[in-house]
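Student: Below is a structure I'd like to ask you about.
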Amino acid sequence: MKTILLVEDDVNLAQGLILNLESEGYQVVHVDNGQEVLPVFRDGIFDLILLDIMLPGTDGLAVCRQIRNEGATLPILFLTARDQTDQKVEGLIAGGDDYITKPFDMAELLARIQGIFRRQAWLLAPGSAGETFEWDGRRLDYKTFEAEGPGGKVRLTHKECMVAKYLIEREGEVVSRDQLLDAVWGYHAYPTNRTVDNFILKLRKTFEDDPASPVYFETIRGVGYRFKRP
């Protein structure tokens with residue numbers, strides 16, 4: 001049984017979510033204030049966080065950053081209002097894995113959750129490169145998201161690691177933005193392609209000697225991206 005930490009201050013919405021999630025076999029722990037999330041999170045073991053952005057106390061974006069700063073790698077799905085496009089992008093860059101816009105259909109939310117768990121299983125599976133991938137003095141651990149490059153050791157976000165793994169497993173192949181969106185996020189409705197470029201930029205800062213002149217994570221203008229070793 002997977003356990004979900006639900007962070008939502010709307011009582012009626014939270015009650016409906018709890019009822020539907022529990023009927024699908026999930027165990028749910030509910031918090032209605034941003035300031036209470038970290039203590040509850042530290043005391044439990046969770047597989048996913050459903051995190052509202054607009055919260056009393058501490059907003060969801062700050063909560064997400066705090067959780068990621070502690071090294072937690074579990075998926076985070078944001079619950080957002082329709083007019084929060086900039087916050088959606090900021091949330092994904094901060095370490096969120098997906099978002100769904102209120103009001104949403106419960107079937108869509110459940111499908112998003114199932115998709116997140118499927119992609120999580122793919123990320124953690126050893127694959128052709130094993131649990132870690134090493135090349136030219138660089139290293140990426142698919143389970144801990146720890147990466148090592150010319151600048152030393154860093155911890156990637158969940159999505160950054162997924163983008164890297166998808167490209168690495170297709171070494172030499174040009175991958176389009178749509179392919180990355182479908183494989184890593186699971187849907188095409190995404191705020192802006194610029195956000196995908198930000199994930200590639202982070203990988204370059206981590207693994208390239210000169211991020212401005214990438215050798216490993218290339219942009220193929222007008223097409224997409226490619227990972228290759230010279």
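Student: Of (1) loosely packed, with under 14 Cβ neighbours inside 10 Å; (2) at pLDDT 85 or above, residue 154 satisfies all except one. Which?
Tutor: For residue 154, the exception is condition (1).
Student: Looking at 60, 137, which is the one that is surrounded by 21 or more Cβ atoms within 10 Å (Cβ to Cβ) and at pLDDT 85 or above?
Tutor: Exactly one residue qualifies, and that residue is 60.
Student: Of the conditions (1) at pLDDT below 85; (2) surrounded by 17 or more Cβ atoms within 10 Å (Cβ to Cβ), residue 142 satisfies every one except a single condition; which number is it?
Tutor: It is condition (1) that residue 142 fails.
Student: Continuing with the same structure: Scan the stretch 102-118 and tell me whether some residue there is within 20 Å of residue 3 (Cα to Cα), crowded, with 21+ Cβ neighbours inside 10 Å, free of Cβ contacts under 8 Å to residues at least 60 places away in the same chain and touching a helix residue (DSSP H, G or I) at 6+ places or on another chain (Cβ under 9 Å).
Tutor: no
Student: Tell me, please, whether a residue that is under 22 Å from the mean Cα position of the chain (by Cα), in the same structural domain as residue 81 (by TED's automatic domain parsing), within 19 Å of residue 57 (Cβ to Cβ) and of a type in the set (Gly, Ala, Ser) can be found in the stretch 2-17.
Tutor: No: the stretch 2-17 contains no residue that is under 22 Å from the mean Cα position of the chain (by Cα), in the same structural domain as residue 81 (by TED's automatic domain parsing), within 19 Å of residue 57 (Cβ to Cβ) and of a type in the set (Gly, Ala, Ser).
Student: Can you find even one residue in the stretch 25-32 that is buried (at least 19 other Cβ atoms within 10 Å of the Cβ), closer than 30 Å to residue 154 by Cβ and outside the structural domain of residue 146 (by TED's automatic domain parsing)?
Tutor: Yes: one or more hits.
Student: Could you list, in sequence order, all residues of the stretch 209-230 that are in contact with a strand residue (DSSP E or B) (Cβ under 9 Å, 6 or more places away or on another chain) and closer than 19 Å to residue 173 by Cβ?
Tutor: Those that are in contact with a strand residue (DSSP E or B) (Cβ under 9 Å, 6 or more places away or on another chain) and closer than 19 Å to residue 173 by Cβ: 216, 217, 218, 219, 220, 223, 224, 225, 226, 227, 228, 229.
Student: For the list (1) free of Cβ contacts under 8 Å to residues at least 60 places away in the same chain; (2) out of contact with any strand residue (DSSP E or B) (no Cβ under 9 Å at 6 or more places or on another chain); (3) closer than 20 Å to residue 120 by Cβ, I need the number of the one condition that residue 62 fails.
Tutor: Residue 62 satisfies every listed condition except (3).
Student: Quick one: which of 25, 16 is out of contact with any Lys or Arg (no Cβ under 6 Å at 6 or more places or on another chain), modelled with pLDDT of 95 or more and part of a helix (DSSP H, G or I)?
Tutor: It is 16.
Student: Testing residue 81 on (1) closer than 18 Å to residue 17 by Cα; (2) free of Cβ contacts under 8 Å to residues at least 24 places away in the same chain; (3) surrounded by fewer than 18 Cβ atoms within 10 Å (Cβ to Cβ); (4) touching a strand residue (DSSP E or B) at 6+ places or on another chain (Cβ under 9 Å), one condition comes back false. Which one is that?
Tutor: Condition not satisfied by residue 81: (2).
The values are calculated or read from the model by the stated rules, or taken from the named source; none is laboratory data. Because the structure is predicted, anything quoted here is derived from the model rather than measured. Cβ atoms come from the backbone with ideal geometry, glycine included; neighbour counts cover every protein chain shown.
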